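Worksheet: one structure, shown below.
The values are calculated or read from the model by the stated rules, or taken from the named source; none is laboratory data. Given the structure is predicted, the values throughout are model-derived calculations rather than measurements. Cβ placement follows ideal geometry from the backbone for every residue including glycine, while neighbour counts extend to all protein chains displayed. Ligands, DNA and RNA are excluded from the accessible area calculation, which covers all protein heavy atoms including side chains. Shrake-Rupley method; radii C 1.70, N 1.55, O 1.52, S 1.80 Å.
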Amino acid sequence: MRIAIFHETHDKLNFDFLEPFARLLINIDLDNAFTPYTNIFIASVLVYIQALIFNRIVNNHNLLGKPSFLPGLMLITGTSLFMPFMILSPALICNFLLIWIIDKFLKLGKSANSITNVFDIGMIIAVGTLIYFPFMAMLLMIFLALLLFRSFSWREWVAGLVGFITVFFFLAVFYYWNDNLSSFYQIWKPLGNKFPSVFKINYNDYLVLIPVAVIIILASLQLRENFFRSFISTRKGFQLLFFMFVVSAASFYLKPDFRTWHFLLCVPPGAVLLAYYFSNAKKRWFYETLFLLFVLSIQYFLFV
């Protein structure tokens with residue numbers, strides 16, 4: 001899946017491990033630490049590890065009805081859609097945290113008291129925000145998940161915010177110790193950005209999404225057909241992943257200079273829907289041909 005990017009020549013690939021406001025706390029400069037091919041190789045290894053972890057989580061929560069390697073396969077395929085997906089990026093690192101909170105979200109309905117779990121999710125989102133600021137949009141998912149999985153408890157709703165604030169409280173203290181508290185307030189300026197009303201898009205770059213759209217439509221039709229036959233926890237799980245996909249995609253406005261690799265955050269929730277189709281499709285010749293065309297289209301558009 002990554003032959004195309006190894007075929008391309010790269011003079012330099014930048015990798016900003018942390019947001020600028022977090023470097024005062026952790027000064028790690030990995031911008032020029034790797035050669036381009038090392039960068040691509042490490043990114044490939046990280047995606048493979050994510051696929052194994054993600055596959056296990058989806059199977060443990062029985063979202064597909066039967067265990068398989070399809071979730072991991074779809075994750076690897078989805079992270080190969082575009083060249084920028086195949087290099088080290090903050091969004092790629094944040095996908096480890098995203099997969100972790102997916103697991104924690106799906107556990108909300110299985111415990112009597114979820115305050116500790118929600119607090120942990122808030123802290124994980126805060127850590128992800130230090131790496132990539134738009135990850136903060138996942139705070140909205142805490143409230144959506146609580147609406148889906150839990151009866152109302154104000155303590156649980158507050159716990160996620162407290163977990164998030166805890167991390168940034170310590171960051172604020174560190175800024176204060178360094179007599180730089182005014183810069184801490186500047187962190188939140190992107191929250192005042194208006195959602196863009198005009199987009200400059202080169203549609204030829206996104207033709208590869210046509211097979212993805214076809215599979216998602218077929219998966220949605222199949223999911224609708226089986227929706228009320230599924231376990232309640234499975235139905236809620238897919239609703240959660242749908243909202244997570246939308247929130248991940250829309251959060252780009254929190255970063256004025258966002259890059260295409262931002263949409264790596266959409267791949268894990270989207271991969272479950274793709275896997276659902278291939279897991280439940282009936283006509284083998286059709287879905288295997290469809291997957292083959294999907295893979296070939298990715299390779300074609302990467303080389304072209």
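Cβ-Cβ contacts under 8 Å between residues 6 or more apart (or on different chains), taken from a first residue in the range 89-117 that is more than 23 Å from His262 (Cβ to Cβ) to a second residue that is open to solvent by 50 Å² or more (accessible area, probe 1.4 Å) and not basic (Lys, Arg), are listed as Leu106/Ser233; Gly109/Ser233; Lys110/Ser233.
Of a type in the set (Phe, Trp, Tyr) and either on the phi > 0 side of the Ramachandran plot or open to solvent by less than 30 Å² (accessible area, probe 1.4 Å) (or both): which single residue out of Phe85, Phe69, Phe119 fits that description?
None of the others qualify; the one that does is Phe85.
Hey, could you check the range 111-136 for residues that are hydroxyl-bearing (Ser, Thr, Tyr) and part of a loop (DSSP other than H, G, I, E, B) and say which is farthest from the chain's Cα centre (by Cα)? The residue in question is Ser111. Starting from the range 35-57, keep only residues that are within 14 Å of Ser80 (Cα to Cα), then list their pairs with residues that are of a type in the set (S, T, N, Q) and part of a helix (DSSP H, G or I) whose Cβ atoms are within a distance under 7 Å, requiring at least 6 positions of separation or different chains. Cβ pairs passing all conditions: Gln50/Asn95.
Yes or no: the range 175-191 includes at least one residue that is open to solvent by 70 Å² or more (accessible area, probe 1.4 Å), out of contact with any Phe, Trp or Tyr (no Cβ under 7 Å at 6 or more places or on another chain), of a type in the set (A, V, I, L, M) and modelled with pLDDT under 90. For the range 175-191, residues open to solvent by 70 Å² or more (accessible area, probe 1.4 Å), out of contact with any Phe, Trp or Tyr (no Cβ under 7 Å at 6 or more places or on another chain), of a type in the set (A, V, I, L, M) and modelled with pLDDT under 90: present. Restricted to the range 245-280, and to residues there that are over 27 Å from Ile40 (Cα atoms) and within 12 Å of the chain's Cα centre (by Cα), the residue that is most open to solvent (accessible area, probe 1.4 Å) is Val246.
Here is a yes/no grid of residues against (1) at pLDDT 90 or above; (2) assigned to a loop (DSSP other than H, G, I, E, B); (3) crowded, with 23+ Cβ neighbours inside 10 Å; (4) at positive phi:
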position	(1), (2), (3), (4)
Ala91	yes, no, yes, no
Gly109	no, no, no, no
Met138	yes, no, yes, no
Leu144	yes, no, no, no
Ser151	no, yes, no, no
Leu161	yes, no, no, no
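Out of all the residues in the range 272-289, which are without any contact (Cβ under 8 Å) to a residue 60 or more places away in the chain and in a helix (DSSP H, G or I)? The answer is Leu273, Arg284, Trp285, Phe286, Tyr287, Glu288, Thr289. Within the range 1-28, count every residue that is open to solvent by 60 Å² or more (accessible area, probe 1.4 Å) and either closer than 18 Å to Phe174 by Cβ or at pLDDT 70 or above (or both). Summing the residues that are open to solvent by 60 Å² or more (accessible area, probe 1.4 Å) and either closer than 18 Å to Phe174 by Cβ or at pLDDT 70 or above (or both) in the range 1-28 gives 13. Residue check: is Phe301 more than 20 Å from Ile210 (Cβ to Cβ), open to solvent by 70 Å² or more (accessible area, probe 1.4 Å), assigned to a helix (DSSP H, G or I) and of a type outside the set (Ser, Thr, Tyr)? Criteria not met by Phe301.
Of all residue pairs spaced 6 or more apart or on separate chains, those with beta-carbon atoms under 8 Å, a first member in the range 201-218 that is at negative phi and a second member that is modelled with pLDDT of 75 or more and part of a loop (DSSP other than H, G, I, E, B) are Asp205/Phe82; Val208/Leu81; Val208/Phe82; Leu209/Leu81; Val212/Leu81; Leu218/Ala281.
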